[in-house]
Amino acid sequence: MRTGGVLLASGQGRRFGSNKLLAEVEGVPLYRRAMDTLAGAGLHRLAVCSPYPELLAAGEARGFLPLCNRNGAEGIAASVRLGLSAMADLDGVLFAVCDQPYLTTKSIIKLINSFRESKTAICALAWKGQRGNPAVFPRDLFGELAALTGDVGGGAVIARHRDRLVLVEAVSPRELADVDYPADLTE
């Protein structure tokens, strides 16, 4: 099964107070940590959706298809639609965010393998039954993902198809922690 990966990197950083994608953890910007994690996971195709030229150039240098998101202010749905447009010929798409600095390639590989074994499930990374990000969606749900609008992501599609959701345990609970505020970087 051919599975692609889309890195959603269009956030406005309103709660953070600035572009959090440039914030560093252990000396590495959040966006670059996310790119490096995905790049090593064996995905068939990678894309990064962002309005920021620096992130698009960094993604392209790492083998990501750079997709300029001019509609990022709409919310997450604009990035989902744009990323999906570059993956339409694949069997599944993983959507990941940049603000999970401790996400590991090992957990991404576990997630992809679970998806490939199931073929039709929505597979999401989790810890002790609590769903988190990223998630992989099968091709038959691409239409629903493409129809999303506003600040709504794949969670809306998951809510309509709970019977197809498979939770895949992360290697560590820390991997699901995200960064919303500057204080989250010091915890």
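The values are calculated or read from the model by the stated rules, or taken from the named source; none is laboratory data. Remember, predicted model here, so these are calculated numbers, not experimental data. Neighbour counts are summed over all protein chains in view; Cβ atoms, including those assigned to glycine, are modelled from backbone coordinates with ideal geometry.
Things worth noting here:
- For the stretch 60-112, filtering for residues that are among the aliphatic types (A, V, I, L, M) and assigned to a helix (DSSP H, G or I) leaves 12.
- In the set Ala121, Ala73, Ala96, only one residue is of a type in the set (Gly, Ala, Ser), touching a strand residue (DSSP E or B) at 6+ places or on another chain (Cβ under 6 Å) and within 19 Å of Tyr31 (Cβ to Cβ); that residue is Ala96.
- Yes/no for Leu148 being out of contact with any strand residue (DSSP E or B) (no Cβ under 8 Å at 6 or more places or on another chain) and buried (at least 20 other Cβ atoms within 10 Å of the Cβ): yes
- Failed item, numbered, when Lys106 is tested on (1) in contact with a Ser or Thr (Cβ under 9 Å, 6 or more places away or on another chain); (2) within 16 Å of Arg33 (Cβ to Cβ); (3) surrounded by fewer than 17 Cβ atoms within 10 Å (Cβ to Cβ): (1)
- Selection from the stretch 1-33 of residues that are small (Gly, Ala, Ser), farther than 15 Å from Leu111 by Cα and at pLDDT 95 or above: none
- Residue in the stretch 68-88 that is in contact (Cβ under 8 Å) with a residue 40 or more places away in the chain, within 14 Å of Leu38 (Cβ to Cβ) and touching a Pro at 6+ places or on another chain (Cβ under 6 Å) present: no
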